[in-house]
Structures are given as structure tokens and as C-alpha cells.
Amino acid sequence: MNSKYHNSNDNHTPILLLVIATLLCLVPFLGKAFNIDDPLFIWSAQHIHAHPLDFYGFSINWYGTEESAAEIIKNPPFASYYIALAGFIGGWSEISLHLAFLLPAVAGVLGTYFLARELSQYPLTAALMGMLTPVYILSGTMVMCDTMMLAMYVWAIFLWIRGMRCGSSRDLLCASLLIALCSLTKYFGISLVPLLFLYTLYSKQGRTRQILFLLVPIAALCCYQWGTRIIYGRGLLLDAASYATSFKEHGLKDIFTSTVTGLSFLGGCLIPSLLFMPLLWGKRVVLTVIFLFPLLALGLYILAFQEFTKSVSWDYYLQLSLYMIAGFHLLALAVRDLFEKRNSESLLLFLWVMGTFAFASFVNWSVNGRSILPLTPAVGILIVRALGRQGYGLDEMRFLRSKSFAVPLTFAWLFSMTVAWADYSLAGSARNAAQEIVRNYSDGRPLIFQGHWGFQYYMEQKGAMAFDVKKSYAKPSFVAVPENNVNIFPEIMKQGTLLQILEMAPSPFLTTMNEDVRAGFYSSVWGELPFSFGNVTDEKYAVLQFK
């Protein structure tokens, strides 16, 4: 243990506080409807339940026709195995599966705490700052692979650092095994290999034999690539890498676009960090940034999108500027920590932040909040390291109760819960729409739907069929078409008679996915903001009859 930061207050109180705080934030959303890619993980888990060794040996209609799940799903299967176990024990309901995912969410927060004990003097503060962010709480309400990956990610780093400092081969082996499982939960876990390789090289405790432990996850991933190539005719690791990079263009305009969007998502997803700017930089610097950065943001926006007055409202631009300020602030924290400390720990945090930001902004197929999630532990630790250098006292519990921290923390909690509630209501609107459509139009004639995500999950659960462009359907039939969804074929609507436009009201002032207000938490294809305040329109579902 690093004696520089670790003090004698080594009791269970911080751990208990973190567990309770995490549960209080996530338990209100246990009934959340399955949304976005949740169904892909659940369908895989249900197939695993029947065929444990053939995790993607089934078909899905996700792009308008039936295709192999191995072609559609771009994540490894470990999270689906976890869901299969949870479904076997507690059933497949929303509450049951969300309960299961409380465990990785809590584990991620505790991993941040233990890692922060190695790297800072305020570990409880760092863990709270990482957890009380929109991206962490919102991600904790999903049954996708992200929170599970993050929990393994942060614990692997902690065990590796402790193993380096104590000379423990057992810790290093456990870390390497966690890296392998992390990478088989979400491929981003592979980034731990170069991250810890460089940390070890730069560390004074680094030894060649310690680096050799990183061969364990490399070997595991090679076996996975080889095995999936035999089973499915394609190596799923390289297939996912090809998919992630295939949509990116790298012209000058594209670089500006990715920079603006990446800064917006970074700052928005971790917006509570902005509340600590006056403590970290001083009022003069903050005022300068507030006055000058919006002009810089405007210039970057015009260079990126080559428009301003036609389609951009001022409330959108103000949100974009605010999120970009927060994003730039976080990158600056990583740079300052590296230049002031100049040690292996500051290098680790710098590479963690910059590498994740670069991947999310310039490499991945689109910018999304799920790609920003791995930064939450690093950001919490960077902030408390900066606070420690500012000399804000030695007693952490006293600091937590001070106004300088308690007030920003309260605002962070309220803001993050509001964003999570907006996404909760958006997901629920699709479930409610599916239930009402099935109730009103299941009279014996075929009920067909377009669109996917949670809407598909609940429509199929009620017996409706996903529209397939390669099939013909008996007539007369009904077709339901959601407006705010993916892989829709609007030309089909011209062939039918409109019977109804069903409107479902999500949050009226805040949303995570709506192109009209340019919010795209799950994909920046919808917009450059991870979430957006504004006049949010109702979710519309057209029902047509084909005669």
C-alpha cells in the first residue's frame, strides 16, 4: 500500500457508504424497460441457456432481414453468460436482470475507491465523483456489458499496481486474468494491455518478468479469435475492430467534427466535474474560460459543420459550449497532472484519459456515452489529486462535509438522476407503445413492425413480427412504424393506409436520444450532445393497414 496517501482510517465505513450510495442511485430504476442494445444481450443469454457453447448460433432481424447473430452482435459474450445465469436464477423480467447488474455497478465504484487509495489521499471522494455522473448512473440502469467491463477494468488496474508495488505475482496474475475477462466482456478491455505495459516500463518497480503476465490476456484473445473463426466462419475480435473503424472518415472537416462531438460527450457525460473548476483553477482562470471558450467552440463548430444560423438554436449552442468547456477541462487536468507529477501514476492517468478520449472520438464508429464510461474512475482520481495539491485539508470526512464539496456533490447527484430519469421515461415510452399497439391491433390479422431496440423486444414478446424486406406478408395486415428508431424503411409506409399516429410522452424537457434537439447519448448520429434540454417532442408510432 502506498504510505504516501493511505492513512490509518482503514475501516469499512467508506465501503459501506459507497455501496449504499450506489444502490440509492440505481434501485429507483429497477423497473426500467429494456432499451437500445439490451435485447441483443438478452437474446444471446436466452440462447446460451439452451446452448452454452454456441453463444451466437441464432438469427436476428436487426437490419431489415434475418441474419446470423455472429454478424450482427459486435460485443463478446461474457456479459450474456452473466445474464443467462441471472435469468436462470431470478427469471427474465426487468427487475430481475437489473437487480443482477447492481453487482457490477457496485463493484466498479468499490474498485475506484481501492485504486484511488493507491493514487490519492481522498479515495472516498474520488469514488463518489466517478459514480455521481450522468454516464455512470445511466449506464448502471442498462443490462449491456459496459458496467461489467468497467468493474473488471478498474479492478485489474488496482491489482496490477498493487502487485507491482508489493512484488506479488498472485496480484499480477489475477490482474491479467481480469484483463482477459474484461476484454471478453467488451473489446475495449484490450486497451489495458498497452496501458499497463507502458505504466510498467515507466515505473521504478517495473521488471521484464512482470510484463510477461500481459501475455495471458493476449493468449486468451487469440484463442477467442481462432475459436470463433472455426465456429462462425469469422474471427469475431477482428470483425468487431473492422466494424468499429469502417464508418470513420479522416479528412480535415471530419477531424473537427470528431473533436467537437468528442469534447461535448466527454464534458456532458462527466459534467459534474465542471462544478469543481473554481477550486482547481482559480476564479480568474474560470472567468477567462467562460468568456473566451464559447468563441472557440463556435469557431470549431463552424469549421466542423459549416453552418450555424440555419439549424442551430442558441440553447443548443449554449449546451454545446458548456459541455465542451467541461471536456476541455478534464483533458487539461490530465495534462497538468502529468507535467506536475512526472511519475508512472500520472502517466497511467494521462494515457487512460487521452487514449479513451481518442478512441471514443476518432476511432469508434460513432461517439457515444458508453465509450466515455471507462473514464469515470480516472476523472474522479484526477480531481482529488488536484484538490490534494491545492491543500484542501487532510481529513477526508471533514472535507466531504464542507460546503466546497457537499454543494457540488448534491448538484451532481440531482443532475445525474435527472438524466437517468429522462432515459428511463424514453425507454418506457417504447414499452408502453408496444403494449398499446398490440392490444388495439391484434385481431387475428398479421401485426408487423419496423424498428428495433426495446420496441422490437416488446413487440416480439407480444407475438408481433419484425418486418423483413425479403419476405411477403399476408394481407390485410397492420404495420407499426416508430419515428425515433433505427433501420426503418419509410418507403413501405407509402403503400399502406394510415390508421393512427400514437404519441407517447417521455420527459418533456430533457432527452438522451432525439434528433430534433440533437441528443445522441447512444450514438452521435442523432446529434452532438449526449443529452439535451429543450422542448422534447412526443415519441410517435404510426400504425398502417395494408390491404
### Query
Within the stretch 27-41, can you find the residues that are crowded, with 20+ Cβ neighbours inside 10 Å and in a helix (DSSP H, G or I)?
PHE29, ASP38, PRO39, LEU40, PHE41
### Task
For GLY235, indicate whether it is buried (at least 16 other Cβ atoms within 10 Å of the Cβ) and without any contact (Cβ under 8 Å) to a residue 12 or more places away in the chain.
yes
### Message
Out of everything in the stretch 433-447 that is more than 31 Å from the chain's Cα centre (by Cα) and among the hydrophobic types (A, V, I, L, M, F, W, C), what residue ends up being surrounded by the fewest Cβ atoms within 10 Å (Cβ to Cβ)?
### Response
VAL438
### Task
Could you figure out which of (1) at pLDDT 70 or above; (2) surrounded by 17 or more Cβ atoms within 10 Å (Cβ to Cβ); (3) farther than 22 Å from SER371 by Cα isn't true of PRO294?
(1)
### Query
Does VAL384 satisfy the condition of being surrounded by 19 or more Cβ atoms within 10 Å (Cβ to Cβ) and either touching a Gly at 6+ places or on another chain (Cβ under 8 Å) or not in a helix (DSSP H, G or I) (or both)?
no
### Query
Which residue pairs have Cβ atoms under 8 Å apart, sit 6 or more places apart or on different chains, and have a first residue in the stretch 218-232 that is hydrophobic (A, V, I, L, M, F, W, C) and a second that is loosely packed, with under 15 Cβ neighbours inside 10 Å and part of a helix (DSSP H, G or I)?
none
## Note on the structure
Taking first residues from the stretch 351-376 that are charged (D, E, K, R) and second residues anywhere that are crowded, with 20+ Cβ neighbours inside 10 Å, the pairs with Cβ under 6 Å that are 6 or more apart or on different chains are ARG370/ASP146
#### Entry: Scope the stretch 181-216; condition surrounded by 21 or more Cβ atoms within 10 Å (Cβ to Cβ) and not in a helix (DSSP H, G or I); matching residues
LEU184, THR185, LYS186
### Task
Go through the stretch 45-57 and count every residue that is surrounded by 21 or more Cβ atoms within 10 Å (Cβ to Cβ) and free of Cβ contacts under 8 Å to residues at least 40 places away in the same chain.
2
### Message
With the structure loaded, tell me whether LEU178 is modelled with pLDDT under 95 and either over 23 Å from the mean Cα position of the chain (by Cα) or not in a loop (DSSP other than H, G, I, E, B) (or both) or whether it fails that test.
### Response
no
### Task
Spot the failing condition for MET152; the list is (1) farther than 18 Å from LEU375 by Cβ; (2) in contact with a Gly (Cβ under 8 Å, 6 or more places away or on another chain), and only one is missed.
(1)
### Summary
Listed by first then second residue, the pairs whose first member lies in the stretch 327-349 and is under 14 Å from LEU387 (Cα atoms), whose partner is modelled with pLDDT of 90 or more and surrounded by fewer than 20 Cβ atoms within 10 Å (Cβ to Cβ), with beta carbons under 8 Å and at least 6 positions apart or on separate chains, are ALA334/MET354
### Message
For the stretch 30-41, give me each residue that is touching a Phe, Trp or Tyr at 6+ places or on another chain (Cβ under 7 Å) and farther than 12 Å from TRP453 by Cβ.
### Response
LYS32
### Query
Would you pick out the residues in the stretch 258-270 that are assigned to a helix (DSSP H, G or I) and either of a type in the set (Asp, Glu) or modelled with pLDDT of 90 or more (or both)?
THR261, GLY262, LEU263, SER264, PHE265, LEU266, GLY267, GLY268, CYS269
### Query
Within the stretch 109-117, is even one residue assigned to a helix (DSSP H, G or I), β-branched (Val, Ile, Thr) and either surrounded by fewer than 20 Cβ atoms within 10 Å (Cβ to Cβ) or in contact (Cβ under 8 Å) with a residue 12 or more places away in the chain (or both)?
yes
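Which of the residues belonging to the stretch 63-118 are of a type in the set (Phe, Trp, Tyr) and under 21 Å from the mean Cα position of the chain (by Cα)?
Of the residues in the stretch 63-118, the ones of a type in the set (Phe, Trp, Tyr) are 63, 78, 81-82, 88, 92, 101, 113-114.
Result: PHE78, TYR81, TYR82, PHE101, TYR113.
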### Task
Would you confirm whether any residue within the stretch 45-52 is more than 21 Å from SER416 (Cα to Cα), assigned to a helix (DSSP H, G or I) and within 18 Å of the chain's Cα centre (by Cα)?
no
### Message
I'd like to check something: does the stretch 122-132 contain any residue that is closer than 19 Å to PHE41 by Cα and either assigned to a helix (DSSP H, G or I) or touching a residue at least 60 places away in the same chain (Cβ under 8 Å) (or both)?
### Response
no
## Note on the structure
Quick count over the stretch 361-404, residues being of a type in the set (Gly, Ala, Ser) and at pLDDT below 90, is 7
### Task
Of the conditions (1) in a loop (DSSP other than H, G, I, E, B); (2) surrounded by 19 or more Cβ atoms within 10 Å (Cβ to Cβ), PRO508 clears all except one; give me its number.
(2)
#### Entry: Candidates VAL543, VAL481 - the one that is over 23 Å from the mean Cα position of the chain (by Cα), buried (at least 23 other Cβ atoms within 10 Å of the Cβ) and in a strand (DSSP E or B)
VAL481
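The values are calculated or read from the model by the stated rules, or taken from the named source; none is laboratory data. Computed from a predicted structure; not experimentally measured. Cβ coordinates were reconstructed from backbone atoms using ideal geometry, including for glycine residues, and neighbour counts include every protein chain displayed.
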